[in-house]
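Q: Here it is, the structure, as structure tokens.
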Amino acid sequence: MKLLLKAGLLIDGTGTTAVSEGAVVIEGDRISKVCKQSELLESDISGAEIIHKPNGTLMPGFIEMHSHIHCSAHTDAYTHITTESNETFLMRGTQAVRSALSSGVTTMRDLGSRNEVVFPLRKGIQDGIIPGPRFLVAGTPITTTGGHCNMFGTEANTSHEVVQAIRQQFKLGADHIKIMSTGGGFTPGTNVRAPQYSSEVLRGAVEDAERLGLKVAAHCHAAKGVVNCVKAGVHNLIHCSWLAEDPENMYDYDTDIADEMAEKGIYIDPTLALSHLNRMRGRIPVPGPGPASDPGRRFEILRDMWDRGVKFVTGMDSGMTNANFDDFAYIPQVMVEEMGISPIEAIICSTKTSADCLGMEAEIGTLSESKSADVLIIDGDPSADIKLLHSVDTIVSQGKIVKKEGILLI
Ligand SMILES: [Zn+2]
């Protein structure tokens, strides 16, 4: 199939500003040409299905870096995850990946769901049984006994057990490894202000994962956990909340460690849309000093990390309460509104930088010749108003039209 997409603007994701009157030619599942409409040849046009949105913007598909597809996103998400069956989880997951794709997410990284659920689901998408984005999975996250997300994790305490757990996930076909380096708010009784693993255990995990060609993403709220992860060379820090050990002091931000993250090329996924969605949807904050109780200071810290050159990727933590699977556009929106970066910078985080973090820069993340045809047309100019990313007019995923001029086809 040949497809020609034309729009008033084109943001290719490489970092350059939007160009006017852009065009993308797609043949099969590949982008065959990216150009201005005036540069189209007769051979580009002949035989092509044409979608033309004069007041729209062409851009790469969104990359959602943090889902838990079998979690419900309801207020009762914890009850659901601790009581429901794998069959129900599969139904939730099926709906989750469809929902994500329908919002413009063309690549989705799951950061922890049961093996019995995510591996069949990934196969179901690949085989065309159910619609979904390119789906990359960790399978069960690795955690300590009774630790964060133990209800769907592999419990491993010593360095030996952690390495064993990594090899088990590798054997099952995991695309990456997720490890819980500190406690988390979703799991009652775990300590968000203390590490679950030492730097040595994490270092052993990174070395073994690298040997197997896998990257490691680590959940970390406690500042001590952040330090452990950075010293261990973990590839991607999740949340990165810098919570002080003593709850009296909310945060314990260390600029030297932030500089080390930038130097080592460590990416962070600060899941920064979550607090916005909770406020917007009326969730009553948990009493006491939790990770989201001083959002103003948190955004200041994140902005300082950005200014020091730390690279940001766009994870939602979808499946957690209020974080729906079609909410992606809130992430770049909050980056612009709360961190004060530009819309183009937030769009690059949502596409190119996230692709780089996955090690998939040759395949996805920018509109470039020979890359996978994951292309959106936004209704309007998101480089002027980031909120327009909520208005996705047309979605092409791996060359297939998922949504056409406002009409969903899946
Ligand atoms: Zn998560």
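Q: Among the listed residues Tyr267, Tyr251, identify the single one that is within 16 Å of the ligand (Cβ to nearest atom), in the same structural domain as Ser67 (by TED's automatic domain parsing) and farther than 21 Å from Ala323 by Cα.
A: On inspection, the qualifying residue turns out to be Tyr267.
Q: Restricting to segment 1-55, count the residues that are more than 14 Å from Val375 (Cβ to Cβ) and open to solvent by 50 Å² or more (accessible area, probe 1.4 Å).
A: 17
Q: In a loop (DSSP other than H, G, I, E, B) and without any contact (Cβ under 8 Å) to a residue 60 or more places away in the chain: is that true of Gly124 in this structure?
A: Spelling it out, it is not the case that Gly124 is in a loop (DSSP other than H, G, I, E, B) and without any contact (Cβ under 8 Å) to a residue 60 or more places away in the chain.
Q: Tell me yes or no: at least one residue of segment 385-407 is closer than 22 Å to His66 by Cβ, in contact with a His (Cβ under 8 Å, 6 or more places away or on another chain) and either of a type in the set (S, T, N, Q) or buried (at least 21 other Cβ atoms within 10 Å of the Cβ) (or both).
A: No, the conditions are met nowhere in segment 385-407.
Q: Could you tell me which of the residues Ala48, Ala7, Ala23 is touching a helix residue (DSSP H, G or I) at 6+ places or on another chain (Cβ under 6 Å), at pLDDT 95 or above and farther than 30 Å from Phe152 by Cα?
A: Exactly one residue qualifies, and that residue is Ala23.
Q: Right, another one. Identify, please: which residue in segment 306-324 is within 13 Å of the ligand (Cβ to nearest atom) and part of a strand (DSSP E or B) and is, among those, surrounded by the most Cβ atoms within 10 Å (Cβ to Cβ)?
A: Once the filter is applied, the top-ranked residue is Ser318.
Q: Take the conditions crowded, with 23+ Cβ neighbours inside 10 Å, within 17 Å of the chain's Cα centre (by Cα), modelled with pLDDT of 95 or more and aliphatic (A, V, I, L, M) and apply them to Met360. Does it pass?
A: Answer is no for this residue.
Q: For residues in segment 156-190 being at pLDDT below 95 and surrounded by fewer than 18 Cβ atoms within 10 Å (Cβ to Cβ), which is nearest to the ligand (Cβ to nearest atom)?
A: By that ranking, first place goes to Pro188.
Q: Within segment 209-225, track down each residue that is more than 18 Å from Gly139 (Cα to Cα), within 16 Å of the ligand (Cβ to nearest atom) and open to solvent by less than 10 Å² (accessible area, probe 1.4 Å).
A: Cys220, Ala222, Gly225
Q: Given the conditions (1) away from the ligand (no atom under 16 Å from the Cβ); (2) among the hydrophobic types (A, V, I, L, M, F, W, C); (3) more than 30 Å from Gln333 (Cα to Cα), which single one is not true for Phe62?
A: Answer for Phe62: the failing condition is (3).
Q: Quick check on my filter: what residues within segment 110-125 are more than 16 Å from the ligand (Cβ to nearest atom) and either in contact with a strand residue (DSSP E or B) (Cβ under 8 Å, 6 or more places away or on another chain) or closer than 12 Å to Ser67 by Cβ (or both)?
A: Passing the criteria: Phe119, Leu121, Arg122, Ile125.
Q: Here's another thing I want to ask about it. Just to be sure before I move on: is Thr140 among the β-branched types (Val, Ile, Thr) and modelled with pLDDT of 95 or more in the structure I sent?
A: Criteria met by Thr140.
Q: A follow-up question, please. Quick one: how many residues across segment 146-187 are without any contact (Cβ under 8 Å) to a residue 12 or more places away in the chain and outside any helix (DSSP H, G or I)?
A: 0
Q: Mind checking whether some residue in segment 274-289 is open to solvent by less than 40 Å² (accessible area, probe 1.4 Å), of a type in the set (A, V, I, L, M, F, W, C) and either under 24 Å from Ile341 (Cα atoms) or assigned to a helix (DSSP H, G or I) (or both)?
A: Within segment 274-289, one or more residues are open to solvent by less than 40 Å² (accessible area, probe 1.4 Å), of a type in the set (A, V, I, L, M, F, W, C) and either under 24 Å from Ile341 (Cα atoms) or assigned to a helix (DSSP H, G or I) (or both).
Q: Is it fair to say Arg203 is touching a helix residue (DSSP H, G or I) at 6+ places or on another chain (Cβ under 6 Å), open to solvent by 20 Å² or more (accessible area, probe 1.4 Å), more than 16 Å from the ligand (Cβ to nearest atom) and not aliphatic (A, V, I, L, M)?
A: The answer is yes for Arg203.
Q: Against the definition (under 18 Å from Gly399 (Cβ atoms) and more than 30 Å from the chain's Cα centre (by Cα)), how does Gly61 come out, yes or no?
A: When the stated conditions are applied, Gly61 does not pass them.
Q: Under the condition of being outside any helix (DSSP H, G or I) and free of Cβ contacts under 8 Å to residues at least 60 places away in the same chain, which residue from segment 91-112 is surrounded by the fewest Cβ atoms within 10 Å (Cβ to Cβ)?
A: Per the criteria, the residue is Met108.
Q: Another question about this same structure. Residue check: is Glu116 without any contact (Cβ under 8 Å) to a residue 24 or more places away in the chain, among the charged types (D, E, K, R) and outside any loop (DSSP other than H, G, I, E, B)?
A: Here the answer is no, as Glu116 does not meet what is asked.
Q: Continuing with the same structure: Look at segment 245-264 and say how many of its residues are among the hydrophobic types (A, V, I, L, M, F, W, C) and in contact with a Lys or Arg (Cβ under 7 Å, 6 or more places away or on another chain).
A: The qualifying residues number 3.
Q: Looking only at residues in segment 120-146 that are in contact with a Ser or Thr (Cβ under 6 Å, 6 or more places away or on another chain) and more than 23 Å from Thr88 (Cβ to Cβ), which one is surrounded by the fewest Cβ atoms within 10 Å (Cβ to Cβ)?
A: Looking at the filtered set, the residue picked out is Arg134.
The values are calculated or read from the model by the stated rules, or taken from the named source; none is laboratory data. Just so we're clear, the structure is a prediction, and the values are computed from it rather than from any experiment. We place every Cβ from the backbone using ideal geometry, glycine too, and count neighbours over all the protein chains shown. Note: accessible area is taken over every heavy atom of the protein model, side chains too, but ligands, DNA and RNA are not part of it. Shrake-Rupley method; radii C 1.70, N 1.55, O 1.52, S 1.80 Å.
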